[in-house]
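Heads up, the thing below is written out as structure tokens.
The values are calculated or read from the model by the stated rules, or taken from the named source; none is laboratory data. Quick caveat: nothing in here was measured; it's all calculated off a predicted structure. Ideal geometry is used to build each Cβ from the backbone, glycine not excepted, and the neighbour counts take in all protein chains shown. In case anyone asks, the SASA skips ligands and DNA or RNA and just uses the protein heavy atoms, side chains included. Shrake-Rupley method; radii C 1.70, N 1.55, O 1.52, S 1.80 Å.
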Amino acid sequence: MINENKIREACSSDRERGFKMLMNSFQVPIYNYIRRLVVSHEDAEDVLQEVFIRIFRHIDQFREESSLSTWIYRIATNESLRLLNSRKEEGVISAEDVQEELMSKLKASDYIDYENELAVKFQEAILSLPEKQRLVFNLRYYDELEYEEIARVLDSKVDTLKVNYHYAKEKIKEYILNR
């Protein structure tokens, strides 16, 4: 379990030591979260670096209106979406094209075990979801965040998130059964 109070105290008294504690605690879960959104290892590494640069620059501005992990997930979400949106803008490509690109990266990566056909279908199904549903699904299913925390990360209402998660699960089931 991550002791966020210790990390915040360390960041206040010795910024470098506190930041190292923060990185040791959050690097792996945030990398995994980002990787599920952007798929490629290289992109995930780039986004992760941007996330920790932002955190380092702005840790003193953290107002404790939410948990430290919520704040970090929000930064990771924003940076991941920034990368995906820049792809749309760079090549003036559609959201569908970005999804196709993510699918092809999934197939070319070592992210999942291709021996397990169901795992492949599951990841493809997640990538086929609309952006909001994909975000909610990843945060709830993989990161096991409560709806209240997801609401703070995504700046959304709990009831809306519950609906998005429900639809995401239904679309994933449908995708897996019909492919």
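Structure notes:
- Any hit, region 34-52, residues being farther than 17 Å from ARG134 by Cβ, among the β-branched types (Val, Ile, Thr) and modelled with pLDDT of 95 or more: yes
- Looking across region 27-68, the residues that are of a type outside the set (A, V, I, L, M) and closer than 15 Å to TYR142 by Cα come down to PRO29, TYR31, ASN32, TYR33, ARG35, ARG36.
- Only one of GLU144, GLU117 that is outside the structural domain of ALA44 (by the TED database), modelled with pLDDT under 95, within 21 Å of VAL28 (Cβ to Cβ) and open to solvent by 70 Å² or more (accessible area, probe 1.4 Å): GLU144
- Selection status of ASN24, free of Cβ contacts under 8 Å to residues at least 24 places away in the same chain, over 28 Å from SER128 (Cβ atoms), assigned to a helix (DSSP H, G or I) and open to solvent by 40 Å² or more (accessible area, probe 1.4 Å): yes
- When residues of region 121-144 are limited to those that are hydroxyl-bearing (Ser, Thr, Tyr) and in contact (Cβ under 8 Å) with a residue 40 or more places away in the chain, the one nearest to LEU84 (Cα to Cα): SER128
- Among residues of region 58-77 being among the charged types (D, E, K, R) and modelled with pLDDT under 90, the one that is surrounded by the fewest Cβ atoms within 10 Å (Cβ to Cβ) is ARG63.
- Note on region 145-161: residues that are under 20 Å from LEU81 (Cα atoms) and assigned to a loop (DSSP other than H, G, I, E, B) amount to 4.
- Complete set of residues in region 27-57 that are open to solvent by less than 70 Å² (accessible area, probe 1.4 Å), in a helix (DSSP H, G or I), more than 25 Å from ALA151 (Cβ to Cβ) and not hydrophobic (A, V, I, L, M, F, W, C): ASP43
- Any chance GLU124 is modelled with pLDDT of 95 or more, open to solvent by 20 Å² or more (accessible area, probe 1.4 Å) and part of a helix (DSSP H, G or I): no
- Out of GLU79, GLU65, sole residue that is of a type in the set (Asp, Glu) and touching a Phe, Trp or Tyr at 6+ places or on another chain (Cβ under 9 Å): GLU65
- Among the criteria (1) more than 14 Å from GLU4 (Cβ to Cβ); (2) within 13 Å of the chain's Cα centre (by Cα), the one HIS58 does not fulfil is (2).
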